[in-house]
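Undergrad: Encoded as structure tokens, here's the structure I'll be asking about.
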Amino acid sequence: MTCFNIISAIAVLFFSNNRFFGNGGQADETIGLLGNSDLYTAIAGLLVVLTTALQYVLKLETKTKDAKSAGNDFTNIKREIELLLSESSISLEKARSIQISHTHASRNHELVPRRIWQAASEQTATAFLEDAAFEQSVLRKFGLSESTNIEN
């Protein structure tokens with residue numbers, strides 16, 4: 001459960017049993033600060049249950065951990081490439097190592113859906129162009145073209 005759900009559940013329990021904010025579940029005519037808060041408590045309780053169920057069904061926590069893991073993997077690959085670019089020569093063995101790392105990371109992590117990727121790339125067109133220029137510089141440094149596939 002998230003902090004939101006925990007705080008909401010505690011608030012529902014507190015307000016449902018506190019006479020100052022409502023009638024505390026009593027059937028008498030006493031009305032608290034918010035009037036008859038039984039309706040508010042019922043709605044808040046329902047929202048807590050629905051958000052908790054939604055989080056469970058959508059597996060948001062798992063997806064968040066996967067996204068962080070993918071980010072770490074690809075960041076490590078980028079750092080490795082940046083270090084290689086600073087060297088005067090790059091061995092074919094190192095290039096293969098990076099390709100294997102990239103292939104492994106690509107296969108082990110879910111890809112971003114196309115429509116989300118397109119929306120993000122439209123908003124950050126400048127960054128996208130910089131990444132393309134970086135990729136081209138890496139390919140030139142390795143002496144490869146975009147269609148070249150390193151094997152063996």
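Values quoted throughout were computed directly from the atomic coordinates according to the rules given, and no laboratory measurement underlies them. Note that the structure is predicted; figures quoted are calculated from it, not measured. No Cβ is skipped: glycine too gets one built from the backbone with ideal geometry, and neighbour counts run over all protein chains shown.
Undergrad: For a protection proxy built on the mean count of beta-carbon atoms within 10 angstrom, sort 42-48, 2-8 highest first, please.
TA: On the way: 42-48: 14.6, 2-8: 12.9.
Highest mean packing first, the order is 42-48, 2-8.
Undergrad: Got a sec? How would 74, 14 order by Cβ neighbour count within 10 Å, fewest to most?
TA: Values: 74 15, 14 11.
Listing 74, 14 from fewest to most nearby Cβ atoms yields 14, 74.
Undergrad: Taking neighbour Cβ counts within 10 Å as the exposure measure, how do 80, 93, 135 sort from fewest upward?
TA: Working: 80 15, 93 7, 135 12.
With the sparsest Cβ surroundings first, the list reads 93, 135, 80.
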